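We did not get these values from a lab; they are worked out from the coordinates using the rules stated. All of these numbers come straight from a predicted model, not from anything done at the bench. Note that each Cβ is placed from the backbone with ideal geometry, even for glycine, and that neighbours are counted across all protein chains shown.
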């Protein structure tokens, strides 16, 4: 299980100078300590390029934490630094707003004895050194089978319109923040293997006690649940188009905080049965070799279960993370002509074929089965 830090060895899988500098800084931002690798940061960095890259990867505030630890002469110019601080300040304000809305929504549900479980987002942020430096998106909740009742209450008591078009969750705007009220954890319309994985998650939810979030009446999933769910969620984003370093950090910082509380026997059993072990190994390798997270965080305490380093696949995934990609709409909603819909279908099929190597890392199904399952459900 020994390893050597690839950033120190200078094997950068064809990365640009800015990408290398970003990873050096990210190590510093995560650890809070100046490591030997950080000394290699060149003082002639194109900070505008690094800033743009950090924005795209969702890690601007974390990198700002690292910059504050650099020698003055190695930092960006004052105008660039002020722009960076402004972005981080905006993120902190958004985080505070999200936390306020989470507490408020949980209190509303509490009046009707509805328990609220937070997925992803805020729960992931609690694993970071500075939680409010993780970007916020929508609020994802699971209400233990009382989704329909809760949606009706939101509409009747709060006068808020609830949208129910999507099979996996309903959505509504709560004081300027988008809320997704989940009936299911993952999308079983797009992939047949997700039906089985959804059952596994439901079983784990029932078996393992949820954790307290630090907000009254708000729960977060057990570490064993999240070891399965967060990796699957990251994998789904990865297979459908792309992930960012922020997705990898969510996984890495989670294992960093909770590795000693995970039922590793169960988790590895599911990883193997659902063909996710290779993806786990690669993500863990990125975390250890490029982000500086301790190798012990990806193993059980008595070491019968631990990740196997996979540098080749880790480099391929990291290269994919840094690659710029075109973003396609989630559906044909809003596409108003047959020609545009045909182009969308062609682009979608092309992306599916281009990403076929990713599907094999995430889903326990063959490509033909995956394609026809998706096509059949889309036609419905």
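Here are the numbers for this structure:
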read-out	value
Segment residue 203-residue 294, length gained on full extension (0.36 nm per residue, minus Cα span)	29.7 nm
Over 21 Å [Cα-Cα, the stretch 212-278], rounded percent	28
Projected label distance in nm at residue 92 and residue 273, using a 7 Å step from Cα toward the beta-carbon	4.6
Rotationally averaged projected area of the stretch 168-275 (alpha carbon convex hull; nm²)	8.1
Two-site FRET efficiency, residue 48 against residue 110, from Cβ-Cβ distance with R₀ of 56 Å, rounded to 0.05	0.75
Förster radius 41 Å - calculated FRET efficiency between residue 144 and residue 14 (Cβ-Cβ, nearest 0.05)	0.30
Sites residue 306 and residue 216 - FRET efficiency at Förster radius 30 Å, r taken between beta-carbons, to 0.05	0.20
Separation of the residue 320 and residue 83 label points, Cα + 7 Å toward Cβ, nm	3.1
Centroid-to-centroid separation of the stretch 197-224 and the stretch 82-114 [C-alpha atoms, Å]	21
